[in-house]
Each structure stands twice: as structure tokens, then as C-alpha cells.
1. If a residue has to be of a type in the set (D, E), touching a helix residue (DSSP H, G or I) at 6+ places or on another chain (Cβ under 8 Å) and away from every other protein chain (no Cβ under 14 Å) to count, how many in region B:79-131 make the cut?
2. From the list A:A289, A:A350, pick out the single residue that is outside any helix (DSSP H, G or I), modelled with pLDDT of 90 or more and crowded, with 16+ Cβ neighbours inside 10 Å.
3. Please verify whether region A:231-243 includes one or more residues that are surrounded by 19 or more Cβ atoms within 10 Å (Cβ to Cβ), within 30 Å of A:A378 (Cα to Cα) and of a type in the set (S, T, Y).
4. Just for region A:174-206: of the residues that are in contact with a Leu (Cβ under 9 Å, 6 or more places away or on another chain) and of a type in the set (S, T, N, Q), which one is surrounded by the most Cβ atoms within 10 Å (Cβ to Cβ)?
5. Hey, can you tell me all the residues within region B:34-76 that are outside any helix (DSSP H, G or I), of a type in the set (S, T, N, Q) and surrounded by 21 or more Cβ atoms within 10 Å (Cβ to Cβ)?
6. All but one of (1) aliphatic (A, V, I, L, M); (2) open to solvent by 40 Å² or more (accessible area, probe 1.4 Å); (3) part of a loop (DSSP other than H, G, I, E, B) hold for A:A306; state the number of the condition that does not hold.
7. Would you pick out the residues in region B:89-102 that are part of a strand (DSSP E or B) and open to solvent by 20 Å² or more (accessible area, probe 1.4 Å)?
8. Looking only at region A:28-76, filter to residues that are over 19 Å from the mean Cα position of the chain (by Cα) and part of a helix (DSSP H, G or I); which one of those is farthest from the other protein chains (Cβ to nearest Cβ)?
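The values are calculated or read from the model by the stated rules, or taken from the named source; none is laboratory data. Here the structure is a predicted model, which is why all the values come from computation and not from measurement. We place every Cβ from the backbone using ideal geometry, glycine too, and count neighbours over all the protein chains shown. Ligands, DNA and RNA are excluded from the accessible area calculation, which covers all protein heavy atoms including side chains. Shrake-Rupley method; radii C 1.70, N 1.55, O 1.52, S 1.80 Å.
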Amino acid sequence: MEDSVDLAELKQPVGELDSELLTLNMGPHHPATHGVLRLLVQLDGEIVRDIKPIIGYVHTGIEKTAEDKSYWKAIPVVERMDYLSYFFNAYAYCGAVETLLDLEVPKRAQYLRVIHMELNRIMSHLVWLGTSALDLGAMSMFWYCFREREKILDLFEQSTGQRMHTRYFQVGGVMEDVPDGWIENVRKFTADMPERVRQYRALLNKNEILLQRLKGVCPLDEETLFGLGVTGPLLRAAGNPWDLRKAMPYSSYEDFDFQIPVGTEGDNYDRYMVRVQEMLESVKIIDQALDKLPDGPVITDNRKVALPPRHELATSMEALIHHFKLVTEGFRVPPGEVYHPCEAPRGELACFVRSDGSSKPARVHMRDPSFVNLQATAPMCKDAYIADLIATLAMLDPVLGGIDR
Amino acid sequence: MPDATGLELVAGGLRDALPDAVLGTLHFRGKGTLLIDPKHVRATLAHLREHDGWTFLASVHGVDYYPEEPRLGVHYELLSMRRRDRLSLKVRVHSEHPHVESVTPDWPTADHQEREVYDMFGVVFDGHPDLRRILMPEDYQGHPQRRDFPIGGEPILFTHNESSNPGWTR
């Protein structure tokens, strides 16, 4: 028994195995694909040789739908594309229409937009952190992250009346001013958040299993990411500090002091760290915006575009006419084409709007960051293990509603 | 935002290098657009990247100018991270012969985006490595984002309730 097996012989390589590539369909419905995404994976044993993402399963034709609605009524459909960054979708669209109209947005509305967008960014990153930790086997992170997300949704409910898809941003400003006490509630949240993020990091950064599945896994260099058009945390994790909020400020971002978290390696660990630090930077921006929040109107005084205040309707015939015209027909927009970008949680989110002079947009197109970033899966996961494919897809943070539109 | 002078300088540089490429310039709301000949798209974008620092292709999207001709348009949004500036390129093609040179060999990011324009508008990108439909099913007929494509034009799969929804099957 003792001498029957020669251990040294066992360690010799067996020689060329006559193996062939296995094509595996991951999805369309798979818990790790974060939506209806199908990945055609070519496997050599456990090693991924090639990936073809196949999308379009939740294509609902939102861009086509928007062409059939007035500029005003297209906002809710546009918001529903990417259900984790609805304020950004609405901002990109409204910004494009405002540029076409050559409309000035009041300062207070710009600040309120910033506050809501940054809360939305934290919320999106929380969902990403919770679900990707779940993919890597850390169950409790999911509950903690969704606990904080719930608080943000409560804040949205107080200020806009809805938890998701709020339709708060309007062409020319925001729908209404925030209610009394809301600012204090936001302050309570921002005071709480840094400690929460510290707890998340303490929970995850000392987890040896998690670190091994993130550190040095699926890195991609800056040049390749650049060619693939990847923006947002994925590009910043590879060391490029490109952030539209800093580089080409919009909506008063130039008034705030914040840092751009940048990674060095471009691996999954850096992608994770960049997003976690971004949450803290967003908290800083929200605090500053609340400190400096100016007084004044929250929507443009151009009555051809914005609804008149409710109290004027009872006394002013002019206001009534404008209200009627806006609700039934909408407003006309000068012909032209505009591409309006902003920095969404997943990268550069831009809206292209073409107007032919009528009250309906002739073309609405979203440059959705998840759609572009998805192309990076194949170069990232090439020659990695299939288990790392799950981790990398989680770190990519795609939202299929935005990809398919 | 390139001002009108900056836009003309870019166009002038292009005219020196590729005499037939630039058909016109347009400056609208602080943003510059170059109208490019469809035969010279790839060379123009390559020239802008090599010599002018427009290194990032942010987006490719299609537009339908129905009923004008040339009807279909493809827009390229370029970004220069060094200049912190954007530039749009516009190509118009006839609906009879909707062929544009693909830029995917130079810019891998255009892969999915050109496929989307092909899927939605029927613009054929010559030289694209894998030009298939991306959002619609592979056996789908027509290009749904064209302006004359009817809304609600899809036949009902379950015909037993067809009579209760008259007018829905166009």
C-alpha cells in the first residue's frame, strides 16, 4: 500500500490533453449578470478564452417612444432607461433641451440638481456594492447597503413625492422647491454616511477571501480602456483622473471642492476602492451644496417653457393660457442638434437631442455608459478564470435597462 | 467648446491634409460640428486623432432626417481630454446607398455603437468586423428608428385576442 503510488510521478504533467473549447451560455437570466444579459463564453477548462455579450432582451424602444411625446412628457420615459441613475438621465435630457432653447437655469435649481444627483450617485454605488459583494459571497453587505439606500429613497420621497423615477428635473429647473425639514434630514444622512462607509470598508477590506478575488484580478491598462471608450470609475481605476464634474464642469460643479479618487493598477480592487471613495466625495459635495444653497426661484421664469405657479392660475388669464398650451401642446424648440454629457455613476452619460422645430423631439439618443463599457468584458476577462468573470462583471456595474433602452 | 475660430482652424487643418473630406462647418450653441464626406470618415477621424489630439471617441449615433435627402446621418462625438473640448462630426448618406466607412478598426469603442446605428437605421458600415443586429432580434425586418417606421407596427403574437384589439395589427 505504501509504495504502490509514486507521488513524484503523479506531479509530472500528463502531456497534452486532447481538450476542446466549451461554449457556455451564461444568462439571459442568471443571478450574476445583474439583469437580462447573455454572455456567450468560450471556456478552456475553467479559463475564459473569449466572451461575446448578447444584449437587447429588454429593448423597449424608449428612444422611439420619446419621439412621439412632447419634450416635457419625454422626461419620464427617458428617466426609466437606467433605473439606478434616473436623475442623471433626466439631467442629460433636460440639459440638452435647455441648450437647444438657450435657457438659463436658476442657481438654486442647479444646486438642488447637484444635491439630488450626488444622492443618486451614492444610491447607485450602494446597490453596486451590495450586489457585487453578494456575487462574491458576502451576504450581510447586501443588507447593510440596502439599509442606507432606503434612507436615500426616503429623502427622494420627501422632496419629490416618488422614491424612484421621480420626474423631478424639469426643462428649465426643478419641479418644486424642497419641503421644510428636508435639508436637516439630508444633513443627518450625510453626517451618518462616512461612518457607514468606514464600517463597509472594515467589513470588506479585512476579508481575505474577498481581497484574493479582487486584488490583481482582470486588470486592464488605461490605453485599452481609452480605445474602448470606457469612462467613469473603470477608467479612473486605471489611473486616468478624467471626471466631467472636474474637467468640464456643468450645473455649478465648479463651486464645490472635492477630489477625484484614482487607482493605480486598474484591477478589480481599484475599481472597488474608487467607487467606495467616490461615495465619500459625494457626501462632501452634498454638504457644501447645502451650506451654499442660494435663495431664489427653482425654475426659469420663461413661461413659454415652465408651468406657471399654482397660485397665479386663479387670478391671471395669461398664466392659464400658458398652462393650457404647455400641458396640451408643449413648447416649441428651435431646430438644431445638441449632445449634452454629464458624469453618471457609470461614466459619461450623454443625451443627443435633435429638434426639427416642432414640439416633439425628432431624435433622442442616449449615450449610455453601461452600453459602451460592456465591450470591455472580453478584453478584461480574457484568460481569467470563470469565477473571476463573475467578479469582474460585478465590478463593471452594468445596468441592462440602460444598455438596451 | 471650440469657438467659431477654433472650429475653422480644425477644418482648415483637415482641408490641407484631406482636400475633399470637409463639406462644411456648423457652429451652434457654442458647439462645433464638421460635415464630413462619407467616403473619408475613417481618414478624417484618424487624422484628427493623430495630429489634433481628439483622442477619445465618445459616441456614435444615427439620425434620420426624413423626408430630406440625403436622409440618414451618422454623428461622431470626439473628445479631447487635453483641451477639455468636444467636437462633433456629421456624415449624411443617401437612403438608396447607406454606406459609411467603419471606424471600428481604429476605435474599438465604435463596435457596438455602429452595430446599433446599423440595427436602428440601416446604415451599413463597410469594414466593420461583425456587423449584426444588436438590440433587435436577428430575424427582425426593417429598421425601427427610421422616422417612417410605424409606432405599434408589431403583429400580435397571440391572435385569440386580436378581435378585441382592432387596429392593433397593422
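1. So the count comes out to 1.
2. A:A350
3. Within region A:231-243 (the criterion being surrounded by 19 or more Cβ atoms within 10 Å (Cβ to Cβ), within 30 Å of A:A378 (Cα to Cα) and of a type in the set (S, T, Y)), the answer is yes, since at least one residue qualifies.
4. Per the criteria, the residue is A:T190.
5. Within region B:34-76, just B:S59 meets the criteria.
6. Every condition holds for A:A306 apart from (2).
7. Matches in region B:89-102: B:K90, B:R92, B:H99, B:E101.
8. Ranking the qualifying residues of region A:28-76, first place goes to A:P31.
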